[in-house]
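The values are calculated or read from the model by the stated rules, or taken from the named source; none is laboratory data. These numbers were taken from a predicted model, which means no experiment stands behind them. With ideal geometry, Cβ positions are generated from the backbone for all residues, glycine too; neighbour counts draw on all protein chains shown. All accessible areas refer to the heavy atoms of the entire protein, side chains included, with ligands and DNA or RNA removed. Shrake-Rupley method; radii C 1.70, N 1.55, O 1.52, S 1.80 Å.
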Amino acid sequence: MRYLALLKAIQPDTPAPPELMAAIMKLGEEATTAGVLLDQGGLLPSAAGWRVDVSAGKLAVTDGPFAEAKEIISYAVYDVRDREEAVEWTSRFMKLHRDMWPGWSGETEVRKVFGPEDFAPPA
């Protein structure tokens with residue numbers, strides 16, 4: 001099963017500690033070696049993005065920044081056995097932030113990506 005993890009945070013004024021970045025890289029290598037991390041990356045702030053909306057049959061493009069309190073700053077795509085394994089990997093990632101960046105605040109939103117198991121077989 002595939003899961004998309006979106007890290008949301010209020011960016012502090014200080015850069016991430018180098019030790020945290022090294023620990024994140026090590027965790028990423030471990031997840032890749034285990035065959036569960038399919039893709040990951042950092043994202044630019046919403047000021048560099050845009051939204052495409054459809055309303056009343058019309059398309060509208062709106063440039064960022066957007067007013068959310070927390071920015072989506074990175075993502076990861078995991079291919080794991082079940083929800084519990086996805087929770088384990090995302091919790092490990094968040095614990096690194098908690099333990100190595102005092103005062104940092106954020107959350108990871110995890111969404112299951114549709115797979116064959118989510119569709120009923122034809123009758």
Just checking, how many residues over the stretch 17-38 are over 20 Å from Pro102 (Cβ atoms) and either open to solvent by less than 70 Å² (accessible area, probe 1.4 Å) or aliphatic (A, V, I, L, M) (or both)? 8
Somewhere in the stretch 5-16, is a residue open to solvent by less than 90 Å² (accessible area, probe 1.4 Å) and basic (Lys, Arg)? yes
If we keep only residues of the stretch 39-49 that are in a loop (DSSP other than H, G, I, E, B) and open to solvent by 70 Å² or more (accessible area, probe 1.4 Å), then the residue farthest from Ala76 (Cα to Cα) is Pro45
Would you list the strands (runs of 3 or more DSSP E) that sit entirely within the stretch 50-109 and hold 2 or more residues that are more than 15 Å from the chain's Cα centre (by Cα), of a type in the set (D, E, K, R) and surrounded by fewer than 12 Cβ atoms within 10 Å (Cβ to Cβ)? 50-55, 58-63
Could you say whether any residue in the stretch 76-85 is more than 18 Å from Gly35 (Cβ to Cβ) and among the small types (Gly, Ala, Ser)? no
Could you give me the residue pairs with C-beta distances under 8 Å whose first residue belongs to the stretch 62-81 and is modelled with pLDDT of 90 or more, whose second residue is polar (S, T, N, Q) and assigned to a strand (DSSP E or B) wherever it lies, and which are 6+ apart or on separate chains? Ser74/Gln40; Tyr75/Gln40; Ala76/Gln40; Val77/Gln40
If I go through the stretch 1-54 residue by residue, how many of them are over 24 Å from Ala69 (Cβ atoms) and of a type in the set (S, T, N, Q)? 2
Any residue in the stretch 27-39 that is over 14 Å from Ala86 (Cβ atoms) sitting within a Cβ distance under 8 Å of a residue that is assigned to a strand (DSSP E or B) and among the β-branched types (Val, Ile, Thr)? List the pairs, counting only those 6 or more apart or interchain. Asp39/Val77
